[in-house]
Amino acid sequence: MTPPAPVRRRVVVTGLGVVACCGIGTDAFWSGLFGPAPVGERRVRDFDPSPFLDVKAARRADRFQQFAVASAQMAVDDAGDIGVDPMRAGVVHGTGVGGLQTLEDQVGVLNERGPRRVSPFLVPMIMGNAGAAAISMRFGWKGPCETIVTACAAGTQSVGAALRLVSSGRCDAMITGGAEAAITRIGVAAFTNMTALSTSGISRPFDVERDGFVIGEGGAALVLEELEHARARGAHIYAELLGAASTADAHHITAPSPGGAGALACMELALDDSGISPAEVAHINAHGTSTPLNDLAEAEAIEKLFGQDGPVVTSIKGITGHSLGAAGAIEAVASCLTIEHKSIPPTVGLERLDPEMHINVAMGDAAELPGGAVLSNSFGFGGHNGCIVLAPLES
Amino acid sequence: MTGMDNEAAFEKFKSTAVEVLQVPEDKITLDAKFQDDLDADSLEVVELVMALEETFDITVEESELDGVETVGQAFEIVSSKL
């Protein structure tokens, strides 16, 4: 006997918040995506936690948690009066490494001043779930509150997991997203020594001269709501979150599977989950890290699924750099804004497309977004793949 | 007690507590309760005691903090070591 089809409710995005190197808040962030790009690490230089956390709270929150709280507050403010039953409202939040700066600082304290001087706040500051926990406490949301730690796929997989909690009927609203603050001495040394970072400091996704990713940081949050719940309160709807997929390469701890097989399978599943065909995808917000291996594998996967004349592909990492566990969340916000503005930001930093790639990458000026869906990809060390599909809301 | 009278010691205690707990100085009275009056949970009391160890160059064992609820009790532990 076939089991009954599960309940599948429609889910929309009603609030956005973002803390990125190119802008804090959606307006500044959106204009920042069009360049120019800085050279070198992409730190959020003018971030001030004080509008979001008092002095004591800020001191007891690692920078990644500050990004989480700030972006969530902006998203909730943007969503307006959500008016949800707290037991049916939850948080799924992603990070790659949690409170790395705090850990690094406290290891220094341990070595210089001994174990008795290690902060009693070390554990709640470094734990990866500190962001999710802080968000649930701030808004009093008492449904599922979970953290996804899948390296650079964490942000996108968090949005997908939050989608499932609403579409399945467990929750009516979710705050989802991701945050990362890993531009620390140990973080930079580690990525440098694994030869993942660009030595030129230039992020140029899909370019023939790309030489690694440029490290970034930040946080982004989205409020997801069940469609009728959002409609009933007259919420502004940025986009419908049509579907998502999560898969593993099961291949290698850092290298993508050959020919982009893992990325391809995940994109196919995400389109199936969304009930759309490849022809209905208008735009791809790519993972596009500017590493030789990722970009080639992703381009191969895109070509296999969409053909050589496929949807317009962009990677905003030319501007934002790679903010690891926050990247997918920041790109989900960028994808919603792409739909809102009907405009595709260019792949800043890309000058000459790698001739081995046969995909349609946005360069130069902004391109108009044709009608259709937007696919956003993230792929993480560990072989984690995450894809989400967004589209303008149609009745 | 050597070198420092109680009043001077309490002034130093207060300025450390203001810095760590981020509360106005006038709230730090001997009968103020950490939890109820100063919004300081048990981890914050541990952090304060660590700062006091530095300020006064003393050592306070964790077991000595059992049952400490007020500023007066904490100050008593500190002043007994000066």
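The values are calculated or read from the model by the stated rules, or taken from the named source; none is laboratory data. All of these numbers come straight from a predicted model, not from anything done at the bench. Glycine also receives a Cβ, built like all others from the backbone with ideal geometry; neighbour counts cover every protein chain displayed. Note: accessible area is taken over every heavy atom of the protein model, side chains too, but ligands, DNA and RNA are not part of it. Shrake-Rupley method; radii C 1.70, N 1.55, O 1.52, S 1.80 Å.
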Open item on the list: With the requirement that a residue be closer than 23 Å to residue A:22 by Cβ, more than 14 Å from every other protein chain (Cβ to nearest Cβ), in a loop (DSSP other than H, G, I, E, B) and open to solvent by less than 30 Å² (accessible area, probe 1.4 Å), what does the stretch A:50-89 give you?
Closed with: A:62
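To keep it simple, each residue is scored yes or no on (1) closer than 27 Å to residue A:71 by Cβ; (2) modelled with pLDDT under 95; (3) touching a helix residue (DSSP H, G or I) at 6+ places or on another chain (Cβ under 6 Å).
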| residue | (1), (2), (3) |
| --- | --- |
| A:203 | yes, no, yes |
| A:236 | yes, no, no |
| A:241 | yes, no, yes |
| A:245 | yes, no, yes |
| A:262 | no, no, no |
Task: Members of the stretch A:318-357 found to be outside any loop (DSSP other than H, G, I, E, B) and over 11 Å from the mean Cα position of the chain (by Cα), listed by number - done: A:318, A:319, A:320, A:336, A:337, A:338, A:339, A:340, A:341, A:343, A:344, A:353
Task: Subset tally (residues that are open to solvent by 10 Å² or more (accessible area, probe 1.4 Å) and out of contact with any Leu (no Cβ under 8 Å at 6 or more places or on another chain)) for the stretch A:228-245 - done: 8
Open item on the list: Yes or no: the stretch A:223-237 includes at least one residue that is of a type in the set (D, E, K, R) and in contact with a strand residue (DSSP E or B) (Cβ under 8 Å, 6 or more places away or on another chain).
Closed with: yes
TODO: Would you confirm whether any residue within the stretch B:48-61 is open to solvent by 80 Å² or more (accessible area, probe 1.4 Å) and at positive phi?
DONE: yes
Task: Residues within the stretch A:358-383 that are at positive phi and either outside any loop (DSSP other than H, G, I, E, B) or in contact (Cβ under 8 Å) with a residue 60 or more places away in the chain (or both), tallied - done: 3
TODO: At least 2 residues that are away from chain A (no Cβ under 14 Å) in each: list the helices (runs of 4 or more DSSP H) lying fully within chain B that qualify.
DONE: B:6-21, B:34-38, B:71-79
Task: Within the stretch A:110-162, tally of residues that are open to solvent by less than 30 Å² (accessible area, probe 1.4 Å), assigned to a helix (DSSP H, G or I) and within 14 Å of chain B (Cβ to nearest Cβ) - done: 2
Task: Residue that is nearest to the chain's Cα centre (by Cα), among those in the stretch A:97-107 that are away from chain B (no Cβ under 14 Å) and open to solvent by less than 20 Å² (accessible area, probe 1.4 Å) - done: A:98
TODO: Return a yes/no flag: does the stretch A:34-43 have any residue that is under 19 Å from the mean Cα position of the chain (by Cα) and farther than 29 Å from residue A:192 by Cα.
DONE: no
Open item on the list: Quick check on the stretch A:331-366: of everything there that is modelled with pLDDT of 95 or more and among the charged types (D, E, K, R), which residue is nearest to residue A:377 (Cα to Cα)?
Closed with: A:331
- [ ] Determine whether residue A:13 is open to solvent by less than 10 Å² (accessible area, probe 1.4 Å), more than 14 Å from chain B (Cβ to nearest Cβ) and closer than 21 Å to residue A:144 by Cα.
- [x] yes
- [ ] Among the residues of the stretch A:266-300, count how many are open to solvent by 40 Å² or more (accessible area, probe 1.4 Å) and out of contact with any Pro (no Cβ under 8 Å at 6 or more places or on another chain).
- [x] 12
Task: From the options A:255, A:230, residue that is small (Gly, Ala, Ser), more than 18 Å from the chain's Cα centre (by Cα) and modelled with pLDDT under 95 - done: A:255
TODO: Quick one: count up the residues across the stretch A:296-312 that are touching a residue at least 60 places away in the same chain (Cβ under 8 Å) and in contact with a strand residue (DSSP E or B) (Cβ under 6 Å, 6 or more places away or on another chain).
DONE: 1
- [ ] State whether the residues of the stretch A:189-201 include one that is within 14 Å of chain B (Cβ to nearest Cβ) and assigned to a loop (DSSP other than H, G, I, E, B).
- [x] no
